[in-house]
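The next block holds one structure in the form of C-alpha cells; read it before the comments.
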Amino acid sequence: MRVAVVPHSTLRRRALRRRALWTGGELLVTVGVFLLLLVAHQLWWTNREAREGAERKVEALEREWAGGNGSTSRGESDTTAAPAPDTDTDSDREQPQPTRAPQRPATAPPHRSQAYAILSIPRLHLRVPVAEGIGQRGVLDKGYAGHYPHTQQPGRAGNFALAGHRNTHGEPFRYINRLRPEDTIEVETKAATYTYAVDQTLPQTSAQDSGVIAPVPRSGARPSYGYQDPGYYITLTTCTPEYTSKYRLVVWGKLVSMRPRYGPGPGR
C-alpha cells in the first residue's frame, strides 16, 4: 500500500490558511462585539446619562428659583410681556400683537450653554432644561433643549425657537410629532411661566430652512406652513426621520397665557 506524500510547502500553506481564517473569525467577532457595545452606548447609556443629568439640572433650577426674591434671571428681559389672550386656544383666534408700551432695557443674554429655563410638555411627560445655544456637547448632548441664538426669549414678541435631539442623548424631542393642536407647552423661568398652545406641525423640511425660526416663522421650502403676521410664537425643531439628520421636523405654538412666579417687586 502506497502512502501519499504531502510536501512540506503544501502543509505550510494549509496551516497558514487555517491561521488566517481563525484570525479573521476572531477579528469579525471582536468588531461585532465592539459595534454592539457602541450601539448600546448610543441607544441606552447616553439616554440614561443625559436624562439623569437633565433631571438634576431641573431640580437645581427649581431650588435656585425657590430661594430667589423675584428678580428676573439672566437672559430674561426686565419688561412685562404683552397681555396674553384668554385660555381659548382656537387656532382662528386673534393673535396678540407686539406691545408698543415703553420697555425698559433688556438684561444681558444668558451665557452660552447656560441653563436658564425649564420646558414642560404634559402630553409627552417631558420636563427638561432650556440652555442658551444649540451646541452638541455643551447643550444638546446633555439632554437639554437648546435656544437658537438671535431668536426671542420666552414670553416676548417674536419667535422663541428651540432644538433638541430626537434620538440618543436623552432624546427629549423624540415624540414631538405626536403633539396635536391645543396641546400645551410650558416654559418656566425665574420670573414667570409662559404657556403656549400647539398650532401647527411641519412634518418635514430641509435642514437649511431657516425661515421656520424667523421672527414670523414660515417655511421657505414649504410656504403653505407658517405664519404671515407678527405674534408670540414658540418653535420646536428636531431631526427626521428618526436616526437620521437629513431633514427637520417642526412644531409651532402660540402664547396663550403668562403667570408671574412672583408679585411685582419694589420699583417695578
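Values in this text are rule-based calculations from the coordinates and carry no lab data. The model shown is predicted, which means the values in this text are computed figures rather than measured ones. Cβ: placed from backbone, ideal geometry, glycine included. Neighbour counts: every protein chain shown.
Miscellaneous remarks
- In this calculation the C-beta distance from Glu242 to Leu27 is compared with R0 = 30 Å, giving a FRET efficiency of 0.45.
- Gain upon complete extension [Ser224, Leu16; 0.36 nm per residue less C-alpha separation]: 68.2 nm
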